[in-house]
1. Can you tell me which residue among V183, V188, V203, V176 is among the β-branched types (V, I, T) and under 20 Å from G278 (Cβ atoms)?
2. Counting only residues that are under 21 Å from V215 (Cα atoms) and surrounded by 16 or more Cβ atoms within 10 Å (Cβ to Cβ), which one in region 398-414 is modelled with the lowest pLDDT?
3. Being on the phi > 0 side of the Ramachandran plot and in the same structural domain as V310 (by TED's automatic domain parsing) is true for just one of G200, G204. Which residue is that?
4. Can you find a residue that is touching a Pro at 6+ places or on another chain (Cβ under 7 Å), closer than 28 Å to A508 by Cβ and of a type in the set (D, E, K, R) anywhere in region 312-329?
5. In region 330-351, what residues are without any contact (Cβ under 8 Å) to a residue 60 or more places away in the chain, on the phi < 0 side of the Ramachandran plot and not aliphatic (A, V, I, L, M)?
6. Only residues that are closer than 15 Å to Q300 by Cα and touching a residue at least 40 places away in the same chain (Cβ under 8 Å): list them for region 235-277, please.
7. Give me the pairs, please: first residue somewhere in region 288-316 and in the same structural domain as V334 (by TED's automatic domain parsing), second residue anywhere and of a type in the set (S, T, N, Q) and in a helix (DSSP H, G or I), beta-carbon distance under 6 Å, and either six or more positions apart or on two chains.
8. Within region 40-90, take every residue that is part of a loop (DSSP other than H, G, I, E, B) and among the hydroxyl-bearing types (S, T, Y) and give me the one that is surrounded by the most Cβ atoms within 10 Å (Cβ to Cβ).
Amino acid sequence: MTARFSRKAVERFTHPRNYGELEEPDSYASITGPCGDTMEFWLHVDDGLVSAVGFTTTGCGPSCACGSMCTELAEGKTPREALRIKQQDILEALGGMPEAHQHCALLASNTLKATVENFMKHQVEKEEACQQESCSSCDQAACSSKTQEPDETSEEYKERQELHQRLCRIRHKIIVMSGKGGVGKSTVAVNLATALMLSGKRVGLLDIDIHGPSVPTLLGLENESIQGSQDGMLPVELGDMKVMSLGFLIRNPDDAIIWRGPMKIGVIKQFLKDIAWGDLDYLIIDSPPGTGDEVLSACQLIEDLDGAVVVTTPQKLATIDVRKSVTFCRQLHVPVLGIIENMSGFICPKCNEVTSILQTGGGEKIATDMKIPFLGAIPMDPQIAESCDNGKVFVHHYKSSPTAAIMRNIITSITDRDTECPLKKSVSKQPDKEKTTMRIAIPLADGKLAMHFGHCSQFAMMDVDLDTKTISSRTNVDPPPHEPGLLPPWLAEQGANMIIAGGMGSRAQDLFTAQNIEVLVGAPAESPEKIVSNFMAGELKSGENVCDH
C-alpha cells in the first residue's frame with residue numbers, strides 16, 4: 001500500500017495505519033473508486049476546526065498527490081467547510097492534472113466528504129444522547145413541560161416538550177428589535193453575536209425576518225444552504241457560531257415571501273424546535289421591525305427570554321415608533337436590556353471627528369423617559385456600510401477603528417449584566433441553587449394576596465428552605481406610607497428576593513428588577529402559604545396581569 005501525507009499531517013501521524021501515541025481519530029472513512037484504487041481518510045476536530053487529517057491510498061502517484069492536496073485544503077477549516085471541498089478545488093490547487101487521472105481528485109473529495117459526514121453524524125448522535133439524558137434526569141420540579149395542560153392535546157403537548165428540550169440547552173436568549181425599519185437592527189444583531197463568538201462563547205444567530213432576511217448577506221453566507229440530519233435541520237456554521245435564516249431556504253434571492261400570520265408563526269416555531277442548535281451560551285434573535293407576528297411569536301414561544309435590545313436612530317420619526325417596542329416588551333413581561341442609538345452623527349474617516357447630521361439624543365431620551373438603560377450611541381461610519389456590503393462583520397474586520405471600540409463597549413454592557421429573566425407569566429425555573437433560603441414577599445388584602453399591588457395593607461414575608469422546598473417561617477410587616485418608587489427599595493431592605501402579586505404596573509416591575517427582586521404577576525387571590533407552596537412545587541398557575549399602567 002502506498003501512503004502519502006500533507007506536510008502538516010506527517011507531523012501528526014507516524015504511519016498510515018498506526019496512529020502511534022495519538023488518540024483514535026474523531027472520524028474515518030474508506031472508499032474504493034471505479035478504477036479499483038482504495039482511499040481512506042481520517043481526521044481530528046478540535047474547537048470546531050479540522051486540526052489534523054491524513055490518508056492512505058492503494059493508487060498511483062496522482063492518487064497520492066490528490067489525497068495530499070485534499071488534506072492541505074481541509075486542515076484549519078470547519079467540518080462544514082471541509083465538506084464543500086470538490087474535485088475541481090483539488091485540481092485547481094494542484095495546478096491541473098491529465099484528464100486520465102482527474103478521477104483521483106474525485107475519489108479524494110468523495111472520501112473526505114464521507115469522513116466528515118461520519119463525524120457530523122456522530123456529533124448528532126452524541127447531542128441526541130445528551131439531550132435525552134438531560135431531559136430524563138431533569139430535577140426542575142418547576143419545569144412547565146413536565147405536565148400536560150388541561151386544554152392541550154397530546155400532539156400539542158409533545159410539540160411543546162420538543163421545543164423546551166431545544167431551548168433548555170441554550171443558556172441566554174436575547175432578541176434585537178425595533179419599532180422602525182432601517183435603523184441598523186440586523187447590523188447590531190450580527191455584531192453582537194460575532195463579538196460573543198470571538199470571546200469564546202457558543203453562539204446561535206436566528207434571523208426571524210421572514211420578508212427581508214438580512215443575516216446571510218451581512219455574514220457573506222448568501223450561497224449557503226441548510227442540510228438535514230436525524231436530529232433536525234443543521235444550521236449554517238461560521239466558526240463557532242450557528243446561523244439560521246429563511247434566506248438559506250430561498251432558491252432565488254429575488255423571490256418575495258407572501259405569507260400570512262399563521263405561516264410565519266409556524267416557520268418561527270420550526271426554527272426554534274427543529275433546528276439542531278445543540279448547547280449554546282447565547283442565542284441572538286434578529287427580528288423584523290415593528291411589533292407584529294414574528295416578534296410576538298418569538299417572545300411567546302421562548303418562555304425564559306432574557307430580554308430585548310431595542311435599536312433606534314436619533315430622529316423623532318424613529319423614536320416615536322421605537323417607544324412602542326418598549327411598551328410591547330412590558331406588556332409581554334420581556335425585560336428591556338437597553339436602548340442603542342444607531343447612526344448617531346457621522347464619523348469622518350480622515351480625522352475621526354463626529355459631526356451631527358441627524359438630530360442626536362433621541363435614544364437617550366427614550367431611555368430616560370421610560371426608565372431603561374441607555375447602552376450607547378453608534379455613529380455613522382463608512383466602514384460599517386462597506387463591511388455590510390462585503391459580508392464582513394464590522395466589529396471583527398475593523399476592530400482597530402474607534403467605532404468598533406464603541407460597539408464593543410455597548411456589547412460588553414449587555415453581556416456583563418445579570419440577564420437572568422425574572423419569572424413572569426409562568427414558573428419555568430427554580431430559584432438559585434447556590435442559595436439555601438429565599439424570602440418571598442406577598443402583598444396582602446384581607447389575609448389573601450392583594451390583586452392590586454398598590455392597595456395592599458400588609459406584606460407576608462415568607463422564608464423558604466430551598467433544600468426541602470418548604471416554608472420555614474412567616475412574618476407580616478406593615479409597609480411604609482405609599483409613595484411612588486418607595487416599596488421596591490424598602491422590600492429589598494427587608495431581604496426580599498421575589499415578590500408574587502396579582503397585578504403590578506410595568507414601571508413598578510422595572511424598579512423591582514433594579515433592586516434584584518424577581519417579579520411574578522397574575523397570581524390568584526389565595527393565602528400566602530398556598531401560593532408559595534404551589535410555587536415551590538411548580539404548580540402555581542399565573543394568569544393575566546390585572547394592572548396595566
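1. Exactly one residue qualifies, and that residue is V203.
2. Let us first name the residues in region 398-414 that are under 21 Å from V215 (Cα atoms), namely 398-399, 403-404, 407-408, 410-411, 414.
With surrounded by 16 or more Cβ atoms within 10 Å (Cβ to Cβ) added as a condition, the list becomes 398, 403-404, 407-408, 410-411, 414.
Numbers: Y398: 86, T403: 86, A404: 87, M407: 88, R408: 87, I410: 87, I411: 85, I414: 81.
By that ranking, first place goes to I414.
3. Values: G204 fails: on the phi > 0 side of the Ramachandran plot.
Of G200, G204, the one residue that is on the phi > 0 side of the Ramachandran plot and in the same structural domain as V310 (by TED's automatic domain parsing) is G200.
4. No - not one qualifying residue is present in region 312-329.
5. E341, S344, F346, C348, P349, K350, C351
6. Our first condition is that a residue be closer than 15 Å to Q300 by Cα; within region 235-277, this holds for 261-262, 264-273.
Residues satisfying the conditions are K264, V267, I268, K269, F271, L272, K273.
7. As it stands, the answer is V310/S325; T312/T319, since those pairs meet every condition given.
8. Our first condition is that a residue be part of a loop (DSSP other than H, G, I, E, B); within region 40-90, this holds for 47-48, 58-60, 75-78, 84-86.
Filter once more, so that each one left must be among the hydroxyl-bearing types (S, T, Y): 58, 78.
Details: T58: 15, T78: 17.
Restricting to residues being part of a loop (DSSP other than H, G, I, E, B) and among the hydroxyl-bearing types (S, T, Y), the top hit is T78.
The values are calculated or read from the model by the stated rules, or taken from the named source; none is laboratory data. Source: prediction; values computed, not measured. We place every Cβ from the backbone using ideal geometry, glycine too, and count neighbours over all the protein chains shown.
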